[in-house]
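Visitor: My questions all concern the structure below.
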Ligand code: 13P
């Protein structure tokens, strides 16, 4: 059964660890994440962008696949199915499709419009039993066509959005989607501490989890981050393992061309990456 992400993130915030949002792209991704979460007794959030849902068919296709897989795998750890960087229309579609959590990303609107639309989406989510994430200050970089300018969020704007009753809040603090450039100045912990101080203790969300050094992850968790999103790192691990398999000519040996064999090293690479993230974020054994 899918659960809202609200309780799992409140628990994480109280006990100072973070739950991983791992974005899924297909069946292999979904199975790798769910299997690893169960093996490690860790709660997990499956993140789905509009682009990933379109690739898999529709939001309803994703819900059906995830729900059936939870049954087939006998998953007992808490799992939330969460829309990542949703538009107004995508939030509505995910409520209908049976997601258990949504993110409304109004960070690119003028602030007053972000407030008005976020308020409406909170009402929609809560009426239907879903948890909801909002965003202030666009996350930099590009993810599935969502391009952000890399703002540093204004703590006063964060206060106002948190006061609307959102369940958890993403705020730009110098984090970006995709790999970090060598000259990246790092996360802005002063702003994170200010945001923390004015948002009433709601769980904070760190996007762009790929490649953030361990000390910064620990410091962010200490300052109220309870959800960390990871996407690119699994993609890189999957691609590298698949490339190695083909470069070694293993697809040309026996039944090596069978997709169930060909995709196995990439599947294992996702599992290893997810396990590393659970360990880094401190969520192992917390289910
Ligand atoms: P990365 O792709 O940088 O890991 O970011 C993922 C993310 O923030 C999903 O919203």
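Visitor: Looking at (1) part of a loop (DSSP other than H, G, I, E, B); (2) away from the ligand (no atom under 12 Å from the Cβ), which is the one condition that is false for residue 219?
Guide: Result: residue 219 fails condition (1) only.
Visitor: Further, regarding this structure: Only one of (1) buried (at least 23 other Cβ atoms within 10 Å of the Cβ); (2) within 16 Å of the ligand (Cβ to nearest atom); (3) free of Cβ contacts under 8 Å to residues at least 60 places away in the same chain is not met by residue 237, so which one is it?
Guide: (1)
Visitor: Follow-up. Take residue 273 and tell me if it is part of a loop (DSSP other than H, G, I, E, B), in contact with a helix residue (DSSP H, G or I) (Cβ under 7 Å, 6 or more places away or on another chain) and within 16 Å of the ligand (Cβ to nearest atom).
Guide: Spelling it out, it is not the case that residue 273 is part of a loop (DSSP other than H, G, I, E, B), in contact with a helix residue (DSSP H, G or I) (Cβ under 7 Å, 6 or more places away or on another chain) and within 16 Å of the ligand (Cβ to nearest atom).
Visitor: Are any residues in segment 14-30 over 16 Å from the mean Cα position of the chain (by Cα), part of a helix (DSSP H, G or I) and in contact (Cβ under 8 Å) with a residue 60 or more places away in the chain, and if so, which ones?
Guide: Once the filter is applied, which keeps residues that are over 16 Å from the mean Cα position of the chain (by Cα), part of a helix (DSSP H, G or I) and in contact (Cβ under 8 Å) with a residue 60 or more places away in the chain, segment 14-30 yields 15, 28.
Visitor: Tell me yes or no: at least one residue of segment 172-179 is under 21 Å from residue 116 (Cβ atoms), within 13 Å of the ligand (Cβ to nearest atom) and either part of a loop (DSSP other than H, G, I, E, B) or touching a strand residue (DSSP E or B) at 6+ places or on another chain (Cβ under 9 Å) (or both).
Guide: Yes, some residue in segment 172-179 is under 21 Å from residue 116 (Cβ atoms), within 13 Å of the ligand (Cβ to nearest atom) and either part of a loop (DSSP other than H, G, I, E, B) or touching a strand residue (DSSP E or B) at 6+ places or on another chain (Cβ under 9 Å) (or both).
Visitor: For residue 205, all conditions in the list (1) surrounded by fewer than 22 Cβ atoms within 10 Å (Cβ to Cβ); (2) at negative phi hold save one; what is the number of the exception?
Guide: Among (1) surrounded by fewer than 22 Cβ atoms within 10 Å (Cβ to Cβ); (2) at negative phi, the lone unmet condition for residue 205 is (1).
Visitor: Could you pull out the residue among 187, 206, 262 that is farther than 21 Å from residue 49 by Cβ, within 16 Å of the ligand (Cβ to nearest atom) and either touching a strand residue (DSSP E or B) at 6+ places or on another chain (Cβ under 6 Å) or free of Cβ contacts under 8 Å to residues at least 24 places away in the same chain (or both)?
Guide: 187
Visitor: Working carefully through the options 226, 197, find the one that is touching a helix residue (DSSP H, G or I) at 6+ places or on another chain (Cβ under 8 Å), at pLDDT 95 or above, surrounded by fewer than 17 Cβ atoms within 10 Å (Cβ to Cβ) and not in a loop (DSSP other than H, G, I, E, B).
Guide: Checking each option against the conditions leaves just 197.
Visitor: If you scan segment 200-216, which residues turn out to be over 22 Å from residue 29 (Cβ atoms) and either out of contact with any helix residue (DSSP H, G or I) (no Cβ under 9 Å at 6 or more places or on another chain) or assigned to a helix (DSSP H, G or I) (or both)?
Guide: 213, 214, 215, 216
The values are calculated or read from the model by the stated rules, or taken from the named source; none is laboratory data. Since the model is a prediction, treat every value here as computed from it, not as a measurement. For neighbour counting, all protein chains shown are included, and Cβ atoms are generated from backbone atoms with ideal geometry for every residue, glycine included.
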